[in-house]
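To start, the structure itself, in structure tokens.
The values are calculated or read from the model by the stated rules, or taken from the named source; none is laboratory data. Bear in mind that the values here come from a model prediction, so they are computed numbers and not experimental data. Because the Cβ atoms are built from the backbone with ideal geometry, glycine has one as well, and the counts that use them run over all protein chains shown.
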Amino acid sequence: MTRSAGARSPHRRRPAARLRDARGLVGWLFVAPALAFYAVFVLRPIALTFQYSLYEWDGIGPSTWVGLANFGKVFTDPDLYDSLINAVKLIVFFSALPVLLGLAIAATIRRIAESRLALVARTVLFLPQVIPLVAAGIAWSWLLASTGVINQLLSLVGLGGITRAWLGDFSTALPAVGMIGAWVLLGLCTLLLLAGMSKIDPALYEAARLDGAGPWREFVSITVPSLRQEIAVCVTVTVIAALASFDIIYIATQGGPGNTTMVPGLQIYYLAFSEREVGMASALALVLMVLVIACALPIQWFTKEGNR
């Protein structure tokens, strides 16, 4: 009797399976250096941070086991809890303003794309991305000082009654810091959205105009839906920037006046290096990491193609 095709097929598949296994092994060998780097410089520090968060430790002497007490203190200590609230408030300035203004500015630049003004606008808007944040913080500290340019301009136009030390006033310090962050991130969001607009098929706009749609209807019905992925990137980047903000606030206000501009990143720095509370700083760092993930993952899920 001759062997059937079904009996021979397992033997025929073995070389192909071995080839696939070999290719898979080669692929893992290429990925292994990156995985090792990630494990050593990302996963290991996270594990150590969690370990430190379970102890009361000054970073030098012996440590004392406290379990989850440090995490409880993060949500019961007003100073620590308020720093998280301040970070959430900054999302309005760091994320909402740059994305909304970026959409409007990108749509305007797209309409004048062939003019020199568009090139100048793109260059000027992107400048904050190439300026070190430390330098930006120092410059804005001078501009927003009680004798700074902003107050001088307000006085020139007859609004001297509202002048103040914007970064030193309890009621305006956090919004002032937020406006600095919005200025820094506006150029990035505008260029990302402008790049997305360049990929939209012009035929869609032509069809909309034939149907009588105006500029606003084109923007709402074509531009915004087509920029779903770009908007998701902008929102994700800016939300993370708000929650993990440190540089600008450290330079401009150092968390003051009082604790009105204190954010988790700055609080972690003070706890670890000034107050020598490494365990508490580690707990707050982990809470901040979870908060960032909790904000970023829903944005990514919502903007997936299958969830439209």
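Among the listed residues PHE75, PHE71, PHE50, which satisfies the condition of being exposed (fewer than 13 other Cβ atoms within 10 Å of the Cβ) and within 30 Å of VAL235 (Cβ to Cβ)?
The match here is PHE75.
Within region 193-200, can one find any residue that is under 31 Å from the mean Cα position of the chain (by Cα) and over 25 Å from ALA232 (Cα atoms)?
No, because not a single residue in region 193-200 is under 31 Å from the mean Cα position of the chain (by Cα) and over 25 Å from ALA232 (Cα atoms).
For region 209-228, how many residues meet the condition of being aliphatic (A, V, I, L, M) and either over 21 Å from ILE105 (Cβ atoms) or in contact (Cβ under 8 Å) with a residue 60 or more places away in the chain (or both)?
4
Among PRO264, PRO257, which is the only one that is in contact (Cβ under 8 Å) with a residue 24 or more places away in the chain, more than 30 Å from GLY102 (Cβ to Cβ) and not aliphatic (A, V, I, L, M)?
The match here is PRO257.
Quick check, is LEU266 farther than 28 Å from GLN229 by Cα and of a type in the set (A, V, I, L, M)?
It is true that LEU266 is farther than 28 Å from GLN229 by Cα and of a type in the set (A, V, I, L, M).
Residues checked against (1) under 23 Å from LYS89 (Cα atoms); (2) surrounded by 20 or more Cβ atoms within 10 Å (Cβ to Cβ); (3) not basic (Lys, Arg):
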site	(1), (2), (3)
SER115	no, no, yes
LEU125	no, yes, yes
ILE150	no, no, yes
PHE170	yes, no, yes
GLY178	yes, yes, yes
LYS199	no, no, no
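Test each condition in (1) without any contact (Cβ under 8 Å) to a residue 24 or more places away in the chain; (2) assigned to a helix (DSSP H, G or I); (3) surrounded by 14 or more Cβ atoms within 10 Å (Cβ to Cβ); (4) among the small types (Gly, Ala, Ser) for ALA135 and report the one that comes out false.
Single failed check for ALA135: (3).
Is it the case, given these coordinates, that SER146 is loosely packed, with under 14 Cβ neighbours inside 10 Å, part of a loop (DSSP other than H, G, I, E, B) and in the same structural domain as THR123 (by TED's automatic domain parsing)?
In short, yes.
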